[in-house]
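To start, the structure itself, in C-alpha cells.
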Amino acid sequence: MTRHGVVRRSALLLGAGTLVLAVSCGKSGSPTETSTAPTPSVPVAANVTVPGSATFATMTRRGHVVIGVKDDQPGLGYKDATTGEYSGFDIDIARLISAQLGFDPKSIEYKPVPSASREQAIKNGDVDYYVGTYTINDKRKQQVSFAGPYFVAGQDLLVRKDDNTITGPDTLKGKKVCSVTGSTPIQYVQSHQLTEPQNIVQYQKYSDCVTALEQNSVDVVTTDDAILKGYAAQEPDKLKVVGKPFTQEPYGVGLAHDDAALRGKIDDILQAALADGTWQRFYDETLGRSGATTSKPTVQRY
Ligand code: GLU
C-alpha cells in the first residue's frame with residue numbers, strides 16, 4: 001500500500017486550507033481529534049435514549065462507540081497512516097450518528113473490517129454499527145439490518161489512463177478483472193460471466209487491486225464508482241474511471257439484525273441530515289471533490 005503514498009492522498013483530500021487548520025487545532029493525546037478538522041463539527045446530543053435497543057445499551061455500558069469502517073478508500077473511509085486520522089464521507093456519517101446518539105466522536109473506536117467479514121463482525125457484536133460502502137440487499141438483510149440508504153453508488157470500472165479497450169462491462173472478456181472478496185461487484189462479474197473464471201482476481205481490499213492495476217498485473221478494477229473516483233483522483237495521470245455505472249448500490253448503515261429500535265433511530269438521524277444541509281456539507285467536502293456524483297437518496301424504512 002506504500003505505492004499510494006498516504007501523505008499525498010490525505011493532502012489532496014484535505015486541501016491546503018484544512019491542512020493548516022488540522023495543524024493549528026491539533027490536540028495531543030487524542031489521536032482521532034485532528035481527524036475532525038476537515039469535518040464540520042456536529043453537536044453531541046444530550047440525554048439520548050433508544051428504548052429497546054440492545055446495541056445502545058452496550059454502547060452506554062462501554063462508554064464509547066465501536067464503528068466498523070473501511071480504511072483504504074479515499075473520500076469515503078480512509079486512514080492516514082502517518083497521523084492515524086480517519087476521513088471521508090462514510091466517516092462523517094459515522095461521526096454524525098455517534099454524536100446524535102450522545103457519544104462524542106472524539107472517543108470513537110474505528111475498526112477496519114473488510115467487505116467479506118462485515119456480516120460476521122456485526123453478528124458477533126465486534127462493532128456497534130458499520131459505515132463502509134455497504135450495499136443494502138436482500139441477501140445481507142437476512143443476516144444484518146440496514147438504516148438508510150444515505151448514498152447511492154453504481155458499479156463502474158477503473159483502468160489505466162492509456163487503456164481505450166475497456167469501455168464497459170461487455171468489453172471485459174479476456175481481461176484480468178480485480179475486485180474484492182464478498183463484495184457485490186465481484187458477484188456481478190461472476191454471475192454475468194463478464195470474464196473467464198481464471199481471469200478474476202480477488203483481494204481483501206480495493207487498494208490491493210489498484211496496486212495490481214498500476215503494476216500491470218490486472219487490467220481493470222471494478223467496484224462502486226464512488227470508490228474508484230477516489231483512487232483516480234489520487235493518480236489522475238495514471239488512472240481513469242470509465243464512468244458508465246451499470247448497477248445501483250444503495251449504501252446503508254449495517255447493524256444487528258434484530259435491533260429495530262437502533263435502525264429507526266439511525267434512520268431519523270440520516271433523514272434529518274439529508275433535510276437540513278448536513279449531508280450536503282459532508283458530500284461537498286469529500287466525495288464532491290473527487291467528482292463522485294449521486295442524487296440525494298430517500299431513507300427507506302422497512
Ligand atoms: N458496495 C459494494 C458492496 O457492498 C462494494 C463496495 C464494498 O465492497 O464495500 O459490496
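At-a-glance table
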{"item": "Hits in the range 202-222 (condition: farther than 25 Å from VAL69 by Cβ and among the acidic types (Asp, Glu))", "result": "ASP219"}
{"item": "Residue within the range 120-128 that is open to solvent by 10 Å² or more (accessible area, probe 1.4 Å), modelled with pLDDT of 95 or more, away from the ligand (no atom under 15 Å from the Cβ) and polar (S, T, N, Q) present", "result": "yes"}
{"item": "Matching entry among THR167, THR184 (being at pLDDT 95 or above and open to solvent by 60 Å² or more (accessible area, probe 1.4 Å))", "result": "THR167"}
{"item": "Residue, farthest from the ligand (Cβ to nearest atom), within the range 170-181, restricted to residues that are open to solvent by 10 Å² or more (accessible area, probe 1.4 Å) and not charged (D, E, K, R)", "result": "GLY174"}
{"item": "Elements of type helices (runs of 4 or more DSSP H) contained in the range 219-302, each with 2 or more residues being charged (D, E, K, R), farther than 16 Å from VAL152 by Cβ and open to solvent by 10 Å² or more (accessible area, probe 1.4 Å)", "result": "260-276, 278-285"}
{"item": "Some residue of the range 59-81 being in contact with a Gly (Cβ under 9 Å, 6 or more places away or on another chain), away from the ligand (no atom under 16 Å from the Cβ), among the aromatic types (Phe, Trp, Tyr) and in contact (Cβ under 8 Å) with a residue 24 or more places away in the chain", "result": "no"}
{"item": "Strands (runs of 3 or more DSSP E) contained entirely in the range 60-117, each with at least 3 residues that are closer than 18 Å to PHE146 by Cβ and of a type outside the set (D, E, K, R)", "result": "66-69"}
{"item": "Some residue of the range 139-153 being within 24 Å of GLY75 (Cα to Cα) and either surrounded by fewer than 16 Cβ atoms within 10 Å (Cβ to Cβ) or touching a His at 6+ places or on another chain (Cβ under 9 Å) (or both)", "result": "no"}
{"item": "THR211 being under 16 Å from the mean Cα position of the chain (by Cα), open to solvent by less than 30 Å² (accessible area, probe 1.4 Å), over 26 Å from GLU285 (Cβ atoms) and hydroxyl-bearing (Ser, Thr, Tyr)", "result": "no"}
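The values are calculated or read from the model by the stated rules, or taken from the named source; none is laboratory data. If you're wondering where the values come from, they're calculated on a predicted model, not measured in any experiment. Cβ: placed from backbone, ideal geometry, glycine included. Neighbour counts: every protein chain shown. Accessible surface areas use protein heavy atoms only, side chains included; no ligands, DNA or RNA. Shrake-Rupley method; radii C 1.70, N 1.55, O 1.52, S 1.80 Å.
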